[in-house]
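Reading through the structure tokens given below for one structure.
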Amino acid sequence: DEMIATLSASLAIVSLPNEGEGWGGGEQPQASPSVSNTLPSPQPSPLKGEGASEDKPCSPVLSQIEPTEGQIKVVYRQAGDKYLLVEYGELVLDLNLRFRVHALMQWLQQQGIEGILNLTPGIRSLQVHYESKVLSVHALLEILHRAEQALPAIEDMEVPTRIVHLPLSWSDVATQLAIEKYMQSVRKDAPWCDTASGNASNIEFIRRINGLDSIEDVKKIVFDASYLTLGLGDVYLGAPVATPVDPRHRLVTTKYNPARTWTPENAVGIGGAYMCVYGMEGPGGYQFVGRTIQMWNRWGAFKQDQASDFKDGKPWLLRFFDQIRFYPVSAEELLQMREDFPRGKFKLKIEEQTFRLKDYNQFLGNEAESITAFKTNQQAAFDAERERWIASGQANYSNESELVPADTDELVLSENSRAVASHVAGNLWQVKVKEGDTVVEGDAVVIVESMKMEITVPSPISGKVSQVLCQEGSSVAAGQILIVIETDQAS
């Protein structure tokens with residue numbers, strides 16, 4: 001449940017996040033804050049929210065604590081029948097907010113409250129999974145309000161952190177394949193996809209939108225950065241959502257629109273101001289920088305011994321507040337590491353340290369001028385990129401292109417022929433056969449990309465391909481005939 005819980009609902013995704021603004025003028029939270037509001041009076045249904053009426057839409061906000069000098073803003077939202085979302089501060093990327101979330105999570109864990117099933121921290125929020133038959137939402141709200149009065153000040157908080165050194169194959173061939181596939185069958189003119197270097201890449205786009213002078217500047221930042229793990233399971237299999245500790249290392253990007261239908265396992269990408277390592281193959285939208293080793297142990301407990309980097313019987317590699325630091329390896333070296341790592345033949349370098357929030361905030365103050373200059377340049381480049389999209393008509397891309405099915409109204413099939421049609425609308429990724437090929441019933445003849453999935457169109461009969469009425473990279477409509485297969489009389 002911890003890995004499946006929707007972390008993305010908790011993320012504060014903004015174009016250019018500003019650190020240290022969540023407390024208002026640099027104010028830090030103090031111990032024993034005074035709660036500025038009271039619980040809403042009991043209502044027939046907690047989903048109605050405060051102020052709901054017959055002619056006023058319901059609100060998911062059940063309660064709210066307004067900010068004061070010693071109290072940060074807190075919003076409590078109903079998030080389904082058995083979930084409540086606690087949100088801190090404003091929609092900014094601020095590690096102080098993440099520490100506040102951590103303090104609340106630890107407090108709730110220490111209380112041993114019956115009815116609380118799971119706690120899932122986000123960047124500035126905590127999702128509480130509770131059993132409503134055991135713990136009512138009003139009782140839970142009372143506990144959470146009491147927690148705000150009991151939580152200590154966070155400015156002196158410190159947490160264990162591990163420096164986890166991971167190999168990174170820069171602009172790996174697997175990510176290049178994913179980009180080529182995207183350009184062929186999803187969006188040919190995507191401004192984040194570049195082939196000028198001879199290989200498909202997102203890195204030129206990352207350079208451009210961050211106002212950097214060269215690809216080498218992008219590479220230097222990625223390998224110099226220390227990525228602090230703020231969440232796990234984004235969205236599956238232990239995938240970390242992390243951000244550089246130093247704001248000057250926070251490369252900012254948009255995400256793919258529309259998303260990719262395929263991302264290689266353990267691809268490393270940047271979306272918003274966050275870095276993610278994809279835990280498994282699947283769809284995705286982060287901009288690629290490379291590929292690394294496995295984040296999830298799918299090989300069983302027999303590999304979780306003292307020599308393994310997977311500890312405490314957990315199948316995920318990383319922990320909250322781990323710092324990821326990449327070092328460069330070749331694509332061939334990475335393939336060997338990926339072969340050896342599950343077998344215990346390749347060991348990671350991991351250093352145990354302590355992350356102190358007070359030291360971090362002091363670092364922000366000392367480097368404020370340089371950080372501001374970096375962000376100012378970055379924002380100007382980001383705005384310029386958006387203006388280019390507007391000027392070129394790429395800003396409001398729609399993937400609902402006008403489908404023009406092949407004219408098959410006059411297609412006459414012989415008695416021994418069968419038409420093979422697509423069941424869904426989408427983009428044609430692969431045509432697996434050509435005219436004259438022999439196929440067996442069930443063979444894949446076409447693969448269509450639709451709804452972030454690859455959908456195989458099988459042959460309904462055994463026979464010979466007599467007509468191919470489609471081509472790779474084209475759009476197809478639901479019901480459109482793609483292939484004609486002819487079988488002999490005996491069939």
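The values are calculated or read from the model by the stated rules, or taken from the named source; none is laboratory data. Every value quoted in this text rests on a predicted model; they were computed, and no experiment measured them. Note that each Cβ is placed from the backbone with ideal geometry, even for glycine, and that neighbours are counted across all protein chains shown.
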- Message: If I ask for residues that are of a type in the set (A, V, I, L, M) and crowded, with 18+ Cβ neighbours inside 10 Å, which ones from the stretch 406-430 would you list?
- Response: VAL420, ALA421, ALA425, LEU428
- Message: Return the residues of the stretch 81-91 that are surrounded by 19 or more Cβ atoms within 10 Å (Cβ to Cβ) and either hydroxyl-bearing (Ser, Thr, Tyr) or more than 17 Å from SER63 (Cα to Cα) (or both); say none if nothing qualifies.
- Response: TYR83, TYR88
- Conditions: (1) more than 26 Å from the chain's Cα centre (by Cα); (2) of a type in the set (Val, Ile, Thr); (3) within 25 Å of ASN210 (Cα to Cα). ILE324 meets all but one. Number of the miss? (1)
- Query: When the stretch 120-161 is examined, which residues are found to be under 30 Å from ALA225 (Cβ atoms), crowded, with 18+ Cβ neighbours inside 10 Å and either of a type in the set (Asp, Glu) or out of contact with any helix residue (DSSP H, G or I) (no Cβ under 9 Å at 6 or more places or on another chain) (or both)?
  - Reply: THR161
- Counting only residues that are farther than 19 Å from ARG291 by Cβ and of a type in the set (A, V, I, L, M, F, W, C), which one in the stretch 195-223 is surrounded by the most Cβ atoms within 10 Å (Cβ to Cβ)? ILE209
- Query: Under 9 Å by Cβ, and 6 or more places apart or on different chains, what pairs join a residue from the stretch 441-454 that is modelled with pLDDT of 85 or more and loosely packed, with under 15 Cβ neighbours inside 10 Å with one that is among the hydrophobic types (A, V, I, L, M, F, W, C) and assigned to a strand (DSSP E or B)?
  - Reply: ALA444/VAL457
- Task: Collect the residues in the stretch 241-268 that are at pLDDT 95 or above, closer than 13 Å to ILE324 by Cα and within 15 Å of the chain's Cα centre (by Cα), keeping them in residue-number order.
- Result: ALA242, THR243, VAL268
- Task: Check off (1) touching a helix residue (DSSP H, G or I) at 6+ places or on another chain (Cβ under 9 Å); (2) in contact (Cβ under 8 Å) with a residue 12 or more places away in the chain for PHE341 and give me the number that stays unchecked.
- Result: (1)
- Answer with yes or no whether ALA153 is part of a helix (DSSP H, G or I) and either closer than 30 Å to PRO328 by Cβ or of a type outside the set (Val, Ile, Thr) (or both). no
